[in-house]
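Engineer: Below: one structure in structure tokens.
The values are calculated or read from the model by the stated rules, or taken from the named source; none is laboratory data. Given the structure is predicted, the values throughout are model-derived calculations rather than measurements. Every residue, glycine among them, receives a Cβ derived from its backbone with ideal geometry; neighbour counts consider all protein chains shown. Protein only, heavy atoms only, side chains kept; ligands, DNA and RNA dropped before computing areas. Shrake-Rupley method; radii C 1.70, N 1.55, O 1.52, S 1.80 Å.
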Amino acid sequence: MTFGNKAISFFSSLDLNLPPSLHTEVLNPYRNPDVMHCAKQFFTKYFSDPRKRIFIFGINPGRFGGGLTGISFTDPVALREKCGIKNSLGNKKELSSEFIYKVIDAFGGPETFYRHFFISAICPLGFVKGSTNYNYYDDRKLLEAVTPFIRKTWKQQFELGAKPDALIVVGAGKNASFIEQLNGETGLFKQVIALDHPRFIMQYRRKKLGEYVQNYAETLSRFI
């Protein structure tokens, strides 16, 4: 099977139910036939080979990016304009998606970038509490509830075709700490390298945007 075939099978099979007492909604875009149609096009277009990739893991999908399109750090606009995949998922942009596609452009575009890298999240399904995005580590009870799911999908994602040389983590701090601990227990990756989260960069360090894009590109280039 190609990397893309395995990815389509993995994402289409994701399922997570949370206790009602958490008052937290699971974002599972793959239940939407339109999203799965786009995801199949994406993985067929960029991952129709058995090559292993360097993995890049974010936190969990957001409601305007991967939680909407099914493609990590990719909003509907980027999916159309950058990846050439038509969709009817709206026109709202996501800051993190804008940053990541600047990094992808630095590699010459999606075709070159995705030949070497696969972007996902340590928790491949997202969360919403109230009307805002929620991270898997934002609440102790949520973390306890989703940890078995994360442990299971951690190994499943690795088996899609990860190069064990390094895992690039998007989001220093709590996300990096959790992943480092998990990797220490499982030993799947030789090293874990954390980078600042795109949302933080776009909101608080925009004046140094070029420097951050260059840092991302240089860090990733070390593993090609």
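Engineer: Quick check for me: using +1 on Lys/Arg Cβ and -1 on Asp/Glu Cβ, what's the dipole size of the stretch 5-55 about its Cα centre, in debye to the nearest 20? Before the final figure, lay out the partial values.
Structural biologist: Details: 7 positive and 4 negative charges, 78 e Å.
Using only the charged Cβ atoms, the result is roughly 380 debye.
Engineer: Using modelled backbone amide H atoms (1.01 Å from N, in-plane), which distant-in-sequence or interchain residues come within less than 5 Å of Gly126's amide H?
Structural biologist: Sorted by chain and number, the residues that satisfy this are Leu27.
Engineer: Below 8 Å, C-alpha to C-alpha, sequence gap of six or more: please give me the relative contact order for the chain in percent.
Structural biologist: Working: 359 pairs, mean separation 52.8, N = 224.
Relative contact order for the chain comes out at 24 percent.
Engineer: So, how do all the Cα-to-Cα distances of the chain break down into 5 Å bins, in percent, from 0 on up?
Structural biologist: Reading the bins upward from 0: 1, 7, 15, 20, 22, 19, 11, 4, 1, 0.
Engineer: In this model, which of Lys92/Lys207; Lys45/Lys92; Lys45/Lys190; Lys40/Lys190; Lys155/Lys190; Lys45/Lys82 are farther than 19 Å apart at the alpha-carbon? Each step should come with its number before you reach the end.
Structural biologist: Values: Lys92/Lys207 23 Å; Lys45/Lys92 23 Å; Lys45/Lys190 29 Å; Lys40/Lys190 30 Å; Lys155/Lys190 15 Å; Lys45/Lys82 13 Å.
Flagged as over cut-off: Lys92/Lys207; Lys45/Lys92; Lys45/Lys190; Lys40/Lys190.
Engineer: For the stretch 1-143, what is the accessible area per residue in Å² when the probe is 1.4 Å? Could the numbers behind the result be given before it?
Structural biologist: Working: 6200 Å² over 143 residues.
The answer is 43 Å² per residue.
Engineer: Quick check: at a probe of 1.4 Å, how many percent of the accessible area of the chain sits on carbon and sulfur atoms? Display every interim value, and only then the final one.
Structural biologist: Details: 4990 of 10480 Å².
Within the chain, the accessible surface is 48 percent carbon and sulfur.
Engineer: What is the percent of Cα-Cα separations in the stretch 1-125 that go past 20 Å?
Structural biologist: Values: 3094 of 7750 pairs.
Beyond 20 Å sits 40 percent of the P(r) for the stretch 1-125.
Engineer: The stretch 99-127 to the stretch 161-217: how many Å between their Cα centroids?
Structural biologist: Computed from Cα coordinates, the inter-centre distance equals 12 Å.
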